[in-house]
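Just below is one structure, and these are the notes that go with it.
The values are calculated or read from the model by the stated rules, or taken from the named source; none is laboratory data. Keep in mind it's a predicted model, so treat the numbers as computed, not measured. In this analysis, Cβ positions are derived from the backbone assuming ideal geometry, glycine residues included, and neighbour counts consider all displayed protein chains. Areas reflect the complete protein model, heavy atoms only, side chains present, ligands, DNA and RNA absent. Shrake-Rupley method; radii C 1.70, N 1.55, O 1.52, S 1.80 Å.
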Amino acid sequence: MADPNDLSKRILTISKVLHAPVKTVWEAWTSPDHLMKWWAPKGMAVTIIKHDFKVGGTWKYVMPMPDGSEFVSEGVYSEIVPFKKIVTSADFRPMTEGVVLQVLFEAAGDDTHFTFSVIHPTEEYCRQQEKMGFYNGWGSAFTRLEALVTSGAA
């Protein structure tokens, strides 16, 4: 029987080395003006409804979908260690609910080692999210993030 507490079976992770200082990458994650430039899929707009970047603070971003519906991303920050770590609950309605995002930043000279993990409530839900395109979706967002932070625009 699978151990439901085995985190390794409930987590999806993307790691990258971004060729930008950790301060720049951090600001791209924490500034609404920068977030709106990379968070949405290419060709889509994102509206920052709320971005209260503090422990206990909430965030909510909305993207209009081509069919007229809205894709709503929201959560509550549970841990913030400046220039090192962000942990938040997250719902991405209508696709994903009840996950935790953990974002790690590690300075390496003028580069930043960046690790993004999504912790799912169950192994089955994790596998479902992976099949739905986790790596393609977040991978394309992080390609835009990388372009932003290396362009000097962040």
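Pairs to check: LYS54/LYS84; LYS37/LYS60; LYS42/LYS84; LYS23/LYS84; LYS16/LYS85; LYS54/LYS85. Give those whose C-alpha atoms are more than 18 Å from each other in this structure.
Working: LYS54/LYS84 14 Å; LYS37/LYS60 15 Å; LYS42/LYS84 27 Å; LYS23/LYS84 10 Å; LYS16/LYS85 15 Å; LYS54/LYS85 12 Å.
Violating the 18 Å limit, Cα to Cα: LYS42/LYS84.
Per residue, what volume in Å³ does the convex hull of the Cα atoms of the range 88-145 enclose? Please list the in-between numbers first.
On the way: hull volume 5.3 nm³, N = 58.
Cα-based convex hull of the range 88-145, divided per residue, equals 91 Å³.
Can you give the net charge of the other residues whose Cβ lies under 14 Å from the Cβ of VAL62, counting K and R as +1 and D and E as -1? Let's see the in-between values first.
Details: positive: LYS50, LYS60, ARG93; negative: GLU70, GLU74, ASP91.
Net local charge, VAL62 excluded: 0.
For the chain, with the dipole built from +1 on Lys and Arg beta-carbon atoms and -1 on Asp and Glu ones, taken about the Cα centre, which of LEU12, SER73, TRP29 lies farthest toward the positive end?
The listed residue farthest towards the positive side: TRP29.
As a test of understanding, state the convex hull volume per residue of the chain from its alpha carbons, in Å³. Each step should come with its number before you reach the end.
Values: hull volume 16.8 nm³, N = 154.
Per residue, the Cα convex hull of the chain comes to 109 Å³.
Out of PRO94, PRO121, PRO66, any idea which swings most in a Gaussian network model of the chain, alpha carbons joined below 10 Å?
Most flexible of the set in this elastic network: PRO66.
Return the aspartates and glutamates within reach of LYS9: Cα separation strictly under 13 angstrom, same-chain partners fewer than 8 residues apart disregarded; answer none if there are no such residues.
Partners within reach: GLU123, GLU124, GLU130.
What does the charge add up to near ARG93, with Lys and Arg as +1, Asp and Glu as -1, over the other residues with Cβ less than 10 Å from its Cβ?
On the way: positive: none; negative: GLU70, GLU74, ASP91, GLU97.
So the environment of ARG93 carries a net charge of -4.
Tell me the per residue accessible area of the chain using a 1.4 Å probe; a whole number in Å² is fine.
On the way: 8110 Å² over 154 residues.
With the other protein chains kept in place, the chain gives 53 Å² per residue.
Each residue of the range 97-112 in order: what ³J(HN,Hα) in whole Hz does its phi give by Karplus 6.51 cos²θ - 1.76 cosθ + 1.60, θ = phi - 60°, with x for Gly and Pro?
Listing the rounded values in order: 9, x, 10, 10, 9, 10, 10, 10, 10, 10, 5, 9, x, 8, 10, 10 Hz.
How much of the accessible area of the chain, probe 1.4 Å, is carbon plus sulfur, in whole percent?
After summing per-atom areas, the C and S share lands at 55 percent.
So what is the relative contact order for the chain, in percent, with contacts set as C-alpha pairs under 8 Å and at least six apart? List each step's numbers first, then the result.
Details: 291 pairs, mean separation 46.0, N = 154.
About 30 percent, as a whole number.
What's the magnitude of the charge dipole for the range 7-150 around its Cα centre, counting Lys and Arg as +1 and Asp and Glu as -1 at the beta-carbon? Answer in Debye, nearest 20. Spell out each step's value before the answer.
On the way: 15 positive and 16 negative charges, 15 e Å.
The dipole magnitude comes to about 80 debye.
Rounded to the nearest 10 Å², what accessible area does ARG144 show when all protein chains are kept and the probe is 1.4 Å?
50
With every atom except the alpha carbons ignored, what do you get for Rg and Dmax of the range 1-57, in angstroms?
16.0, 47
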